[in-house]
Amino acid sequence: MKHIGDNMVDQTRELVALPIVPIIDESIIPEKGPSNDDPLEHQFPVVEMFHSIQGEGYHSGKASIFIRFGGCNLACSWCDTKFDEWENMTLREMIQNMEQWDCNRIILTGGEPALQDLKTLSSVLRPLGYLLTIETNGTIVIDEGLMDWICVSPKDQMYPSVKIRQIIGDELKVVWVGQDLSMYDELKNGFTYHFIQPCYDESKNIEWNGNNFRDTFELVKSNPEWSLSLQTHKWMGVD
């Protein structure tokens, strides 16, 4: 097993070195945690952990434990996560916190969870019986066999110069803000399930969001190879 942080350093250097995947000014990349031979003592930047219902995508309606990590290499205008504020927690503390919930499905989200040491998370949590899902923007390649489910939600509709590197997975979930779906013709071949999700932008008024919901509905009707994803947890007023 690699020590904590080794994998993250490699990925971050790759991201910086290639100009087609720039680190934008607003991005936040957490400093890597101290290396330690005991993976349970490795620290992760945790924004929040909570037990809820998955509200969107393929697993909508299923009880899940959400681990939201700090840090992101993008800064989308509609993001509703304070990924620049977190508490460093050891993996041991994270597991102890999760023991209160009778649930074995974990969703790694962010921010950008692929910035974290996924090998350490996988090597410890999966033998404990947890199923790991990651929700990623796809700019960082995830080593094969680490996750049970990979959901890529690309943001190249907002960042045309950003290259999507994670081109295979289980679920492709596109946040629609008016872009032409043809830009995903090649990418979607690497995924089993394809979802379009209307962007809910809290900075916009009700009319804008309502029109975007309606247009997304019509878009899915005319593109049957895609399915509609809705953020039902926001309608219910829960996390």
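Any read-out appearing in this document is the output of simple, stated calculations on the displayed coordinates, not a laboratory observation. Values in this document were obtained by computation on a predicted structure and should not be read as measured data. Positions of Cβ are generated from backbone atoms using ideal geometry, with glycine treated the same way; all protein chains shown enter the neighbour counts.
For this structure, a couple of remarks:
- Proxy reagent accessibility, fewest Cβ within 10 Å first, across Asp170, Asp148: Asp148, Asp170
- Approximate spin-label separation Glu225-Met158, in nm, with each point projected 7 Å along Cα-to-Cβ: 2.6 nm
- Simple spin-label estimate for Lys188 and Glu31 in nanometres, 7 Å along Cα-Cβ: 4.5 nm
- Of the residues Leu172, Leu125, the one with the fewest other Cβ atoms within 10 Å heads the list, and the complete ranking is Leu125, Leu172.
- Footprinting exposure proxy for Thr133, Thr90 (fewest neighbouring C-beta atoms within 10 Å first): Thr90, Thr133
- For segment 52-183, the share of DSSP beta bridges that are antiparallel, to the nearest 5, is 10%.
- Modelled spin labels at Phe50 and Leu128, positioned 7 Å past Cα toward Cβ, are 2.1 nm from each other.
- A cut-off under 14 angstrom between Cβ atoms defines the neighbours of Gly129, and their net charge, with Lys, Arg +1 and Asp, Glu -1, is -1.
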